[in-house]
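Participant: I'd like to ask you about the structure that follows.
Coordinate-derived values only; no laboratory data. All of these numbers come straight from a predicted model, not from anything done at the bench. Using ideal geometry, Cβ is built from the backbone for each residue, glycine included, and neighbour counts are taken over all protein chains shown.
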Amino acid sequence: MKTKLLITLLFTLGLLAACAERNPHPMDMAQAVQNAQTKADHEALAEHYEEAAKEMQAKVDEHKKLLSQYESKSYLYGKQAQDLKAHCQRLIDVYENAAEENLSMAKLHRQM
């Protein structure tokens, strides 16, 4: 009985750990934007948005490589090839939009 409980507990902890966010957001952005008053505050926010844009661009590059793989060797993926290509293209679009938005926010904070 104790063994089953221990296994269940370990499984549950493993599941919770897998679902936990590994890279939590370093700051409360709503609070940071609301409290930004000085040029240095806005500069820090601009740098944060630019860093986020770089991360999004890295994800775009990663998914473009995957998309290229799916397109050049679609025979390896069978019926799932079209779904994988569509999924990658959608993620590329989302990450590109996120990068653009972050750069736009950085520009606005640099102007403040």
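Participant: How large is ³J(HN,Hα) for each residue in the range 87-98, as worked out from phi by the Karplus curve 6.51 cos²θ - 1.76 cosθ + 1.60 (θ = phi - 60°), to whole Hz, x for Gly and Pro?
Facilitator: Result, rounded to whole Hz: 4, 4, 5, 5, 5, 4, 4, 5, 5, 5, 5, 5.
Participant: For the range 28-40, take each phi angle, set θ = phi - 60°, evaluate the Karplus expression 6.51 cos²θ - 1.76 cosθ + 1.60, and give the result in whole Hz per residue in order, putting x for glycine and proline.
Facilitator: 7, 5, 4, 5, 5, 5, 5, 8, 5, 10, 9, 4, 5
Participant: So what are the ³J(HN,Hα) numbers for the range 75-85, from phi and the Karplus equation (6.51, -1.76, 1.60; θ = phi - 60°), rounded to whole Hz, Gly and Pro as x?
Facilitator: Karplus values, whole Hz, x for Gly and Pro: 5, 6, 9, x, 5, 7, 4, 5, 5, 5, 5.
Participant: Right, here's the next one. If you take every residue apart from Arg90 with its C-beta less than 12 Å away from the C-beta of Arg90, what net charge results, scoring Lys and Arg +1 and Asp and Glu -1?
Facilitator: On the way: positive: Lys85; negative: Asp83, Asp93, Glu96.
Value of the local net charge: -2.
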